[in-house]
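Chemist: Dropping a structure here in structure tokens format, bear with me for questions.
Each reported figure results from applying straightforward, stated rules to the coordinates on display, with no laboratory input. Bear in mind that the values here come from a model prediction, so they are computed numbers and not experimental data. Don't worry about glycine lacking a Cβ; one is built from the backbone with ideal geometry, like all the others, and counts go over all protein chains shown.
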Amino acid sequence: MKNYTKTSIGNEGRVELHDALGLTGAEVSINALPAGAGVPFVHSHKENEEIYGILSGHGKAIIDGEEIALAAGDWLRIAPATKRQFFAANDAGIVYVCVQVKANSLGGFTAEDAVVY
């Protein structure tokens, strides 16, 4: 049995990698919104924080009612109970990765905890 899983994605609007990679500790998705589009719902979580990385394009997030501009290269961490919604700009699409993990699950991990070969 291999100790890794590889997959490839195309130009789908949203790809969840949970099943494709057999993830057991995180949810990861790649999301693409065309110009002028937005996620049609506001959401939050009970225990999971989300990390968003903007891969290309630009747009905005509405986080607990505050508008945050987003552009390629930006990274954003959002605490579990925080309400969030994402939008592409009217003149450009946006592509972003979302990583969802249980808040505080690293529990004090330090570089000294890593095994180096």
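Chemist: What distance in nm separates the simple spin-label points at Ala103 and Val15, each placed 7 Å from Cα in the Cβ direction?
Modeler: 3.1 nm
Chemist: Using Cα springs under 10 Å in a Gaussian network model of the chain, which residue among Leu55, Leu21, Leu76 shows the largest mean-square fluctuation?
Modeler: Highest fluctuation among the options: Leu21.
Chemist: Tell me, what ³J(HN,Hα) does each residue in region 33-50 have, in order and in whole Hz, if you take phi through Karplus 6.51 cos²θ - 1.76 cosθ + 1.60 with θ = phi - 60° and put x for Gly and Pro?
Modeler: 10, x, 3, x, 8, x, 5, x, 8, 9, 9, 8, 10, 7, 10, 9, 8, 10
Chemist: Under the rule of -39500 (n - 2.57) per DSSP H run of 4 or more residues, summed and divided by the residues of the chain, what mean residue ellipticity at 222 nm is obtained, to the nearest 500 deg cm²/dmol? It would help to have the intermediate numbers written out before the result.
Modeler: On the way: 1 runs with 5 residues, N = 117.
After summing the helix terms and dividing by residue count, I get -1000 deg cm²/dmol.
Chemist: Rounded if a/c is under 1.5, else prolate if a/b beats b/c, else oblate: with a ≥ b ≥ c from the C-alpha gyration tensor eigenvalues square-rooted, which is region 14-104?
Modeler: Details: a/c = 1.97, a/b = 1.31, b/c = 1.51.
The shape class here is oblate.
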